[in-house]
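Any read-out appearing in this document is the output of simple, stated calculations on the displayed coordinates, not a laboratory observation. Since we're looking at a predicted model, the values are computed, not measured. Methodologically, a virtual Cβ is constructed for each residue, glycine included, from the backbone with ideal geometry; neighbour enumeration extends over all protein chains shown.
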Amino acid sequence: MSRNKIVLAYSGGLDTSILVRILTEDYGYDVIGCHADVGESKDHEKLKAKARQAGAVACEVVDAKEEFARDFCFPALQANALYQGVYPLSAALSRPLIARHLVAAARKHGATAVAHGATGKGNDQVRFDFAVKGMAPDLKILAPQRERNISRDAAMAYAEKHGIEVPTSKKSPFSIDENLWGRSIEGGVLEDPSQEPPEAAFAWTKSFADAPNEPAVLKIGFEKGLPVSVDGKKLSPVALITKVGKIAGDNGVGRIDLMEDRVVGIKSRETYECPAAVVLITAHQDLERFTTLGDSLRMKATLDKRYSEIIYDGFWYSPLRLALQAFNDEHAKTIEGEVTLKLCKGSVRVIGRTAKHGIYNHALATYGEGDKFDHRAAEGFIQLLGLQLYEFSRQHGGVK
Ligand code: ARG
């Protein structure tokens, strides 16, 4: 009798390698590995070979970098998405993309279930589960790591017993998740929130001491609210994010240390380096302020915060996220121009911006020559704006 098929989100690491075997042996499935490359620079052929070696009947490896940039990072950028005001949601954004590929592979191979290696303590399990259920309510979801809480030592022993290749390189003391939009570093000494993260935790950003003294100046061009060029040169989304990330990282920009509230209630200390995201959000937000109405910005700030929470909480494939996206797409239509930023020793500052249709009008704003503003119009405006306050104050003999 043929066995049911399951598609496993496969990273090539120890945990997901032993899952291939566990799903085959203990759960009775034929396992299809699935890896969506979101910029963690792994060798695709090696990954496939590893999955097969671990016992997978097939392995799908997809280069999903442009898709990730266009369909996930850029919408997050439109929303200036920062969880709890600081985290650009790099790990959170990749989960719905990975889930999209899990579902596609499940359809292609006629699988009845998908599996992931997320633990029961984190946000990723929530994101995978919601994303898969949101797109494909018929698929069953298995998370053996959540069911069994397999320790690292137990995983090593299991791999050895079953002849599964384990990574030969010295294991990093940290748990790392990386993609185009950023890098998250957890575990080890980072779990003591009083201690500064050691330099060894960082791979993409220079320390204060190592960053050059001379600032870097960077000009980012936007069309319809999305970044399209760096210093006048047009770039694809992936090339642009990579380039901005390199310059920012070299100048120590993008390190984040957050006492974070997980969906599952745990308060944790999270360390990130998201150089490209931090710079692009800074630039985008500035150009928005220049090219759109203050009233829209006030509304959008509220919606942006909600959009960030939706991403964090795993509701990417939800009617609310799509509705907010429609708002952002409409809002983005008039955001066009260039923002100049200065990056130096961990700091990023906007130093100038230009836009063909900026709402800023020098003749209205100036305190100098050429003032075209009708000063007397302000009097009637203030009279009406304050009307109720004046009346209240008159009734009560003033507000004390
Ligand atoms: N705390 C971050 C988040 O929830 C990082 C998660 C990283 N995931 C991982 N499997 N290492 O988005």
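A few notes on this one:
- Segment Glu147-Leu389, extension gain: residue separation times 0.36 nm, minus the distance between their alpha carbons: 81.0 nm
- Surrounding net charge for Ala131, when Lys and Arg each add one and Asp and Glu each subtract one, Cβ distance under 10 Å: +3
- Note on Tyr360 and Ala301: the model spin-label points, each 7 Å out from Cα along the C-beta direction, lie 1.8 nm apart.
- Between amide H atoms placed 1.01 Å from N, distances below 5 Å from Asn251 occur with Lys206, all of them 5 or more places distant or on a separate chain.
- Cα centroid separation, segment 356-373 to segment 114-185: 56 Å.
- Estimated dipole of the chain in Debye, rounded to 20 [Cβ of Lys and Arg +1, of Asp and Glu -1, Cα centre]: 480
- Using a Gaussian network model of the chain in which every pair of alpha carbons under 10 angstrom is joined by a spring, one finds that among Ile256, Ile247, Ile351 the greatest mean-square fluctuation is at Ile351.
- Derived scalar couplings ³J(HN,Hα) [segment 185-190; Karplus, 6.51 cos²θ - 1.76 cosθ + 1.60; whole Hz; x for Gly, Pro]: 10, 9, x, x, 5, 5
- Restriction of the trypsin sites (Lys or Arg not before Pro) in segment 66-150 to DSSP coil positions whose beta-carbon has at most 16 other beta-carbons within 10 angstrom yields Lys121.
- Qualifying chymotrypsin sites (Phe, Trp or Tyr not before Pro) in segment 187-265, DSSP loop, other Cβ atoms within 10 Å at most 13: Phe208
- The chain: most fluctuating residue of Asp26, Asp374, Asp153 per GNM, C-alpha cutoff 10 Å: Asp374
- Amide H contacts under 5 Å for Cys59: Gly33, restricted to partners 5 or more places along the chain or on a different chain, H placed in the peptide plane at 1.01 Å from N.
- Under-5 Å amide H pairs with Tyr83, H placed in peptide plane, nonlocal only: Leu89
- Per residue of the chain, the DSSP helices (runs of n ≥ 4 H) give a summed -39500 (n - 2.57) that works out to -12500 deg cm²/dmol at 222 nm.
- Per-residue HN-Hα couplings for segment 193-207 [Karplus 6.51, -1.76, 1.60; θ = phi - 60°; Hz; x = Gly/Pro]: x, 7, 9, 5, x, x, 4, 4, 6, 9, 10, 10, 10, 7, 6
- When you filter the trypsin sites (Lys or Arg not before Pro) in segment 176-223 for DSSP loop state and at most 16 other Cβ atoms inside 10 Å of their Cβ, nothing is left.
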